[in-house]
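As structure tokens, the structure follows; a few thoughts come after it.
The values are calculated or read from the model by the stated rules, or taken from the named source; none is laboratory data. Here the structure is a predicted model, which is why all the values come from computation and not from measurement. Virtual Cβ from ideal backbone geometry, glycine too; neighbours counted across all protein chains shown. Surface areas here come from the heavy atoms of the whole protein model, side chains and all, with no ligands, DNA or RNA. Shrake-Rupley method; radii C 1.70, N 1.55, O 1.52, S 1.80 Å.
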Amino acid sequence: MISWDVLGAWLCAAMVVWIYSFAYRDNALYKLAEHMFVGTAAGYSIALALDSLNRVVVSPAVRSPGTFWTTSWHYLVPVALGILLFAKYSRKYYWLARYAVAVNIAVGSGLALRTVPIANIVRQITATILPLWGSDPVKVLNNWILVLITLGGLTYFLFTIFPRVAEGARPSPTYRVYRSLYYIGIYGMMVGFGALFANTIMTRVGFLISIYLIYIQPEAWAATVAAILAAIAIILGILRKR
Amino acid sequence: MSLVLRKYVPQTIVSIIIVLTVVFYYFYVSKEIAGTFTTADKALSDWVVIIMSFALIVGGIDILRFHLARIRREGMGQAPFSTVTIALLVLMVVFALHGWYLSYADPAAGIAITTQPQFRWLYLNVYAPADAAVYSILVFYIASASYRAFRVRNPMALLLLITALIVVFGNTTIGGLIWPGFLPLRDWIMTVPNTAAFRPITIGAGLGVIILGLRLLTWREISWMGRRE
């Protein structure tokens, strides 16, 4: 008799193999794994939502009704608004769902308007105001690079004012400064994007290796053979496509 | 009247909530008002959690409806796959509801919605491995994208390639074996040019959020309402 644990381990491994089979080409097993994933993910989201409702509303109302009805009765308002979300399925009363969306949008936007001006703008500007002269040449050079790339990036994203030079005319000093900052900004962002891209690659490869280690350990030789087989399969797939 | 209820009242709710959350955060009027604001602020955050929970349920129902429609539209080619999705979705919800029931009927058992045994079995053996595999399979697409991005066609692409190589070698042990300077160079790239490069983007995103808030406040942003009146 196969136990549920063993069946679970097989299903677990099968899910990984079926999903990885997409690296070769789309197939029925990948599609099956994909649909299983979507079904469980949707079910899991609903379960999390129920858990959240239980913790915030149902459990306090059932376990300590006295406290709930004196201090937390207003939670019935979002419950009513949440129920109104189902009105979106009605052709006639779809607009009722807007009341719940309105509260969510407004609170989200209000909270963002409280934190973003300080965190995204004021702190970024103050962090860029750096000493450009001093006794430590390395620090000074780093500060120059930081300030120039930041100003360059801001110049690159400046779409309102765009200095131009008339055909045949000599470029003005303003234009030259603008153009220099513009290119410093582009090159600076290329460095940033290169670093971002490298980190993304590292993260994905890290996930791949961790999956590989979880399902193919403890036999090291088995892992090596599996890796070689996978590489051969991928190369064969590419050659066949050509 | 109906247009007022359908359009203007929700927009007024948006404006009032934005004004109240922002004004009392930035301006201090009195201790009592500040105290009331803090209480109301926490209550509003809880309201959002409750409404979001209902939104997640609506999303699950949307997936169910979508797959039922696909079975009707596409027939036997799609039916087995969509049936699997629907069956697993329903099973997960049924197990979750059973766990919810048990948490009240038999609290001593310590079973809750997300700790119901069958629910956990599906989560651990279907959802968790599939989630990790789907995320990691992107490495193959990243490999193809890297090839396209790193083809040296101009000085900018060369800079992108050199930076990426330094960061990759700086992050791995083999990089340190090839040249010990990779690690400090990677650290310098991450602290100086990388920080500077993303600073304008952060400032731009901040300005975007402020503009979106102002557009919502002044009723210029109406895409959240869905259908047009």
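Observations on the model:
- Tensor-based shape of segment B:37-129 (alpha-carbon gyration tensor, a/c under 1.5 rounded, otherwise prolate or oblate): oblate
- Exposure rank, largest accessible area first [A:44, B:28; 1.4 Å]: B:28, A:44
- Between the alpha-carbon centres of segment A:30-61 and segment B:203-220 there is a gap of 32 Å.
- Debye intensity ratio in log₁₀ form over the Cα atoms of segment B:140-191, taken at each q of 0.23, 0.24 Å⁻¹: -0.87, -0.91
- Shape call, segment A:72-123: gyration tensor on alpha carbons, a/c limit 1.5: oblate
- Shown here: segment A:9-63, whose C-alpha atoms stretch 53, 21, 13 Å along the first, second and third principal axes, sorted largest to smallest.
- Over segment B:181-229 - Rg/Rh using Cα atoms and the Kirkwood inverse-distance radius: 1.38
- Solvent accessible area, Å² - residue B:76, 1.4 Å probe, full protein context: 150
- Projecting the Cα atoms of B:21, B:163, B:101 onto the dipole axis of chain B, where Lys and Arg carry +1 and Asp and Glu carry -1 at the beta carbon, places B:163 farthest toward the positive end.
- Accessible area expressed per residue, the protein assembly as shown, with surrounding protein chains retained (probe 1.4 Å, Å²): 58
- Each principal axis of the Cα atoms in the protein assembly as shown has its own extent, and those three values, largest first, are 78, 71, 46 angstrom.
- Electrostatic tally near residue B:126: other residues with Cβ closer than 13 Å to its Cβ, Lys and Arg +1, Asp and Glu -1, net -1.
- Chain B shape via C-alpha gyration tensor axes, a/c threshold 1.5: oblate
- Listed residues B:88, A:208 arranged by accessible area, highest first, probe 1.4 Å: A:208, B:88
- Counting only aspartates and glutamates at least 8 places from residue B:7 when in the same chain, those with an alpha carbon closer than 20 Å to its own are B:221, B:229.
- Peptide packing: for B:202-214, A:3-15, A:123-135, the average count of neighbouring Cβ atoms within 10 Å per residue gives the ranking B:202-214, A:3-15, A:123-135, highest mean first.
- Sum of side-chain charges, residue B:95 neighbourhood, beta-carbon under 14 Å (Lys, Arg +1; Asp, Glu -1): 0
- P(r) of chain A over all Cα-Cα pairs, binned every 10 Å from zero, in whole percent: 5, 13, 17, 15, 23, 19, 6, 1, 0
- Net +/- balance of residues flanking residue B:15 in space, Cβ distance below 15 Å, scoring K and R +1, D and E -1: +3
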